[in-house]
Amino acid sequence: MLTRRGWALALAAVFAFGMAAWFSARSLNAVVGPALVALAAGWLQLERASQPDLRTRTPDYGFAGETATVSLDFDADTPLSGSVRLESGDGLDVQNPEVETTVADDAIDFDVALRQRGVQSVGPVEVVAEDVLGVWSETYTYPVTSELVVFPQIHRLRDASDLTALHREFGLGGRDRFEQLREYERGDPLRDVHWKSSAKRADGDLVVMEFEANEEREQVELLAEAEGGRMDDVAEAAASVLTYLLDAGLAVGLTVPGGRVEPGAGEGHRTELLTLLARSNPGTVSDRRRDGADVLVQGRTDEESVTVTVGERTVTFDQLSGGASGGPSPDAGSEPNASDEASAPAESPAFADGGERR
């Protein structure tokens, strides 16, 4: 179809043609001729161009509050100038949804803000291509959508004495048997750095201690349930608690309304737990499951704050986190890992003195 520039050129050609009828053919040759050539050339260029192929690259997951990068890889036989627009679901915010660019073989990146926990969608994509003179346009629509799992935001636990007490209750030393030293990788806890060996390395790189997996690792059962619209708050609290427990060396199982992950450890298991929380919906679980939980995270509509219960003691999650967010865990696309501050046991007795007893 004609662009606004194309319509202006066509109207100018019609006007010039009318003027030529009153005066001379020279006016027709001077104005109408080039206009018709431009219109014909632009139409022919788009007519001969084929729709570019598209492949989208979206991170599998990210944390609420982060910004993820979505890449659109086009494969065009002929480069086309125009605009590319990316749509997204309600829980995402494409910061610059439409860009003027040249559609060729280079990737086009969009920054997407992850605003809300859950399974969100990216797409569809629309390309409005124009000829080199900008008088004709062609719209290509790609009805593609990609799934992006948005994990709950993780908060640092600053006051978690009874969670720390789970170490003592299960008699854990907090470590498995030493196996080897290896180079530091992003996300490794600083407590695993072997400083003496690192200091001896000429390149200055850090090395960390790696431990054998303990198949008999003690297990902690975490249960999260929420009423009404409290599930997002409960998911944040549960994600923060399970991250703390995993970093403490415990095997964590998780039960939510309509879903369960058996106890386990490791980064793959951490991702599985956070994915379950991302997909969870409000509801309650059976009394049998609730009675068997070591840590209970609940959000009720008649209570202002989410509560965390360990044994007979209950505190609000704000007390555990100090009322401050530790920020999202890692960058999108990396393995989920809590911050080192989250893994350090706090000493202040939240449950002992400030807790509400049940």
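The values are calculated or read from the model by the stated rules, or taken from the named source; none is laboratory data. None of the values given here were measured: they were computed from a predicted structure. All Cβ positions, glycine included, derive from the backbone under ideal geometry; neighbour counts span all protein chains shown.
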Can Asp73 be described as assigned to a strand (DSSP E or B) and not hydrophobic (A, V, I, L, M, F, W, C)?
yes
If you go through region 110-123 one residue at a time, do you hit one that is within 29 Å of Met1 (Cα to Cα) and at pLDDT below 95?
yes
Just to be sure before I move on: is Leu245 within 21 Å of Gln120 (Cβ to Cβ), out of contact with any Cys (no Cβ under 7 Å at 6 or more places or on another chain) and not in a loop (DSSP other than H, G, I, E, B) in the structure I sent?
no
Go through region 65-87 and report how many residues are more than 26 Å from the chain's Cα centre (by Cα) and of a type in the set (Gly, Ala, Ser).
3
Looking only at region 76-98, filter to residues that are among the acidic types (Asp, Glu) and not in a strand (DSSP E or B); which one of those is farthest from Arg279 (Cα to Cα)?
Asp77
